[in-house]
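Some notes on the structure that comes next.
The values are calculated or read from the model by the stated rules, or taken from the named source; none is laboratory data. All of these numbers come straight from a predicted model, not from anything done at the bench. Here the Cβ positions follow ideal geometry from the backbone for every residue, glycine too, while neighbour counts run over all protein chains shown.
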Amino acid sequence: MPRLSVVVPLHNVEAFAESTLRSLANNADPDFEFLLVDDCSTDSTPWVIDRWAEKHRGARVIRHEKNMGIAQARNSGIDAASGEFITFLDGDDWYGPGHLAELVCAMEELGCDFARTDHVQATGTERVIRRPPAPVRGIVMDPRDGIAPADTETMVDYPFVWAGIYRRHLFDDGGMRFATELRTAEDRLWTWHLHLKARTCASLGLHGVFYRRGVATSLTQIRDSRQLDFIPAYDALLKDLLKDPEAERFLPKAVRTYCAMIAFHIDKANEYEPSTARRLRREARAALHRMPEHTLEETLRTIDSARSRLLNRLRDGRKAA
């Protein structure tokens with residue numbers, strides 16, 4: 001059994017695939033396997049993947065016959081993984097040399113279910129380190145303690161699934177799969193489920209994973225209806241939380257984050273396609289009416305006045321500025 005499985009979804013990333021795969025080569029180890037999931041690319045990405053995989057032991061190529069999205073691409077990699085640990089890397093990002101060995105070493109020393117790491121945000125030539133908002137680093141914690149309080153940035157606000165490493169048992173029996181009906185925000189729902197399911201976690205001060213920000217083909221740059229998938233994602237989360245024994249502890253955080261997401265998207269609705277903007281306003285209003293009323297009222301009372309006014313206007317059916 002390999003110690004580590006690295007799941008790499010790739011879709012039309014011909015401009016970055018070479019550097020991504022080169023970074024895998026700089027992290028190669030006989031105990032590591034690289035699962036390259038080609039999500040039906042239509043550019044030269046498949047050719048780049050095949051050429052690289054032929055030269056590197058431990059690389060396996062998984063192909064989708066049709067484009068199924070990043071959630072299913074990650075799930076396909078998880079299903080094929082055989083490592084003691086699993087981690088993820090997006091097809092346009094990269095690792096610094098030796099990062100994966102450090103990641104595995106830290107996990108073996110700590111013995112926890114999962115660990116989240118710092119990452120380096122790369123925008124052109126600019127580099128900025130982003131850190132998980134954990135209260136302590138290098139210490140084993142209860143993942144549920146990383147969810148609340150509602151008015152503070154916490155670990156569930158750090159949805160970068162590739163900035164972490166996860167023990168195999170979390171995925172056993174079909175567990176911890178990404179919701180394939182979500183084209184965006186699947187990472188946010190997954191991160192919440194991770195903190196609700198796992199028993200132990202840690203935050204690591206490693207700076208070896210590089211996130212390429214502002215890529216034109218990234219889902220973060222789209223302006224169509226895929227951006228609205230945060231609504232079913234948070235609806236699913238609220239439904240799950242209402243069944244959780246600690247619902248009262250975590251609902252304020254979930255509702256506050258949901259409201260913040262609505263306000264964020266409404267604020268930039270004019271950047272979306274007109275039909276998407278209209279649908280956003282309509283579905284966001286309906287979402288506010290689905291939230292637990294007492295928790296929503298408390299949220300609107302305690303968040304900043306600008307967002308409170310915007311959300312109250314939206315809920316009341318008045319045009320949001």
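Data table
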| quantity | calculated |
| --- | --- |
| Residues satisfying the stated conditions in the range 40-52, i.e. over 15 Å from Ser23 (Cβ atoms) and touching a strand residue (DSSP E or B) at 6+ places or on another chain (Cβ under 6 Å) | Thr45, Pro46 |
| Qualifying residue in the range 58-78 (condition: basic (Lys, Arg) and not in a strand (DSSP E or B)) | yes |
| Any hit, the range 90-111, residues being out of contact with any Leu (no Cβ under 7 Å at 6 or more places or on another chain), assigned by TED's automatic domain parsing to the domain that holds Phe16, farther than 23 Å from Pro9 by Cβ and of a type in the set (Asp, Glu) | yes |
| Qualifying residues in the range 123-147 (those that are among the acidic types (Asp, Glu) and free of Cβ contacts under 8 Å to residues at least 40 places away in the same chain) - the one nearest to Asp244 (Cα to Cα) | Asp145 |
| Close pairs (6 angstrom Cβ cut-off, 6 or more residues apart or separate chains): at positive phi in the range 304-321, surrounded by 10 or more Cβ atoms within 10 Å (Cβ to Cβ) and at pLDDT below 95 anywhere | none |
| Condition broken by Ile266, with the remaining ones in (1) closer than 15 Å to Leu310 by Cα; (2) at pLDDT below 95; (3) among the aliphatic types (A, V, I, L, M) satisfied | (2) |
| Members of the range 297-319 found to be in contact with a helix residue (DSSP H, G or I) (Cβ under 9 Å, 6 or more places away or on another chain) and under 12 Å from Arg256 (Cβ atoms), listed by number | Glu298, Thr299, Leu300, Arg301, Thr302, Ile303, Arg307, Ser308, Leu311 |
| Conditions (1) in contact with a Cys (Cβ under 8 Å, 6 or more places away or on another chain); (2) farther than 23 Å from Arg226 by Cα: number failed by Asn67 | (2) |
| Candidates Cys112, Cys105 - the one that is within 15 Å of His195 (Cα to Cα), surrounded by fewer than 21 Cβ atoms within 10 Å (Cβ to Cβ) and of a type outside the set (Asp, Glu) | Cys112 |
| Lone qualifier among Ala150, Ala202 - being farther than 22 Å from Leu241 by Cα, among the aliphatic types (A, V, I, L, M) and modelled with pLDDT of 95 or more | Ala202 |
| Verdict on Glu84 being touching a residue at least 24 places away in the same chain (Cβ under 8 Å), acidic (Asp, Glu) and surrounded by fewer than 19 Cβ atoms within 10 Å (Cβ to Cβ) | yes |
| Among residues of the range 34-57, those that are in a helix (DSSP H, G or I) and either of a type outside the set (Lys, Arg) or outside the structural domain of Leu10 (by TED's automatic domain parsing) (or both), counted | 9 |
| Test: residue in the range 129-137 that is surrounded by 15 or more Cβ atoms within 10 Å (Cβ to Cβ), in contact with a helix residue (DSSP H, G or I) (Cβ under 8 Å, 6 or more places away or on another chain), assigned to a helix (DSSP H, G or I) and small (Gly, Ala, Ser) | no |
| Answer from Phe250, Phe230 - the residue that is hydrophobic (A, V, I, L, M, F, W, C), surrounded by 13 or more Cβ atoms within 10 Å (Cβ to Cβ) and in contact (Cβ under 8 Å) with a residue 60 or more places away in the chain | Phe250 |
| Flag if Gly146 is touching a strand residue (DSSP E or B) at 6+ places or on another chain (Cβ under 8 Å) and small (Gly, Ala, Ser) | yes |
| Matching residues in the range 52-81 - criterion: being charged (D, E, K, R) and buried (at least 21 other Cβ atoms within 10 Å of the Cβ) | Arg74 |
| Test: residue in the range 19-31 that is under 22 Å from the mean Cα position of the chain (by Cα), in a strand (DSSP E or B) and not aliphatic (A, V, I, L, M) | no |
| Only one of Phe230, Phe171 that is in contact with a strand residue (DSSP E or B) (Cβ under 7 Å, 6 or more places away or on another chain), assigned to a helix (DSSP H, G or I) and closer than 18 Å to Ile70 by Cα | Phe171 |
